[in-house]
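For reference, the structure discussed in these notes is given below.
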Amino acid sequence: MVFHILGSSIASLNEIEETAPFTSDAEYFLVKNFINNTNFFEWDQATHTSYFKKLKDAVVINVPKLNEMAYEQVELASVPFLTFVSNKDPKGETANYSFVLRGYVRHWLGNVWAEYDRVKLLDLFDTTAEATPAPAPARVQAGSRS
């Protein structure tokens with residue numbers, strides 16, 4: 001399973017072609033990370049298609065943009081997004097983060113999780129777990145001592 005995190009530059013998009021030969025037998029996800037108000041050449045359909053259609057089985061995941069101030073506060077708090085939403089500091093104690101900014105992060109996380117659900121990401125992990133056989137239990141022969 002490959003998650004290719006893309007920026008909106010041509011150099012980042014060129015990586016799609018560079019990695020293609022190494023991903024033919026993998027689940028391949030192109031992750032559009034909207035860290036700012038940019039786009040991935042949707043305005044130029046020829047450019048967009050020339051990059052995003054190179055991998056016929058690739059699945060595109062769109063990580064939406066998080067409000068800049070909310071992102072900055074999560075960074076300053078030095079906690080994961082869900083911990084910030086839960087109003088906890090790095091030690092797990094109650095913090096005093098902005099209710100509004102926590103709401104922005106909560107909404108953003110919901111959108112990210114909805115995107116994971118859309119591509120059935122967790123199903124892939126379940127399938128992988130089922131496809132990996134459990135080791136056979138050790139057999140003890142009758143009359144032997146273990």
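Side notes on the structure shown:
- Every residue from the range 20-35 that is over 21 Å from Leu121 (Cα atoms) and surrounded by 11 or more Cβ atoms within 10 Å (Cβ to Cβ): Ile35
- In the set (1) in a loop (DSSP other than H, G, I, E, B); (2) at pLDDT below 95; (3) out of contact with any strand residue (DSSP E or B) (no Cβ under 8 Å at 6 or more places or on another chain); (4) of a type outside the set (Phe, Trp, Tyr), the condition left unmet by Asp57 is number (3).
- Unique residue being at pLDDT below 95 and more than 30 Å from Asn14 (Cα to Cα) when the list is Ala46, Ala134: Ala134
The values are calculated or read from the model by the stated rules, or taken from the named source; none is laboratory data. For clarity, every value in this text was computed on a predicted model and none was experimentally measured. Here Cβ is always computed from backbone atoms with ideal geometry, including for glycine, and neighbour counts include all displayed protein chains.
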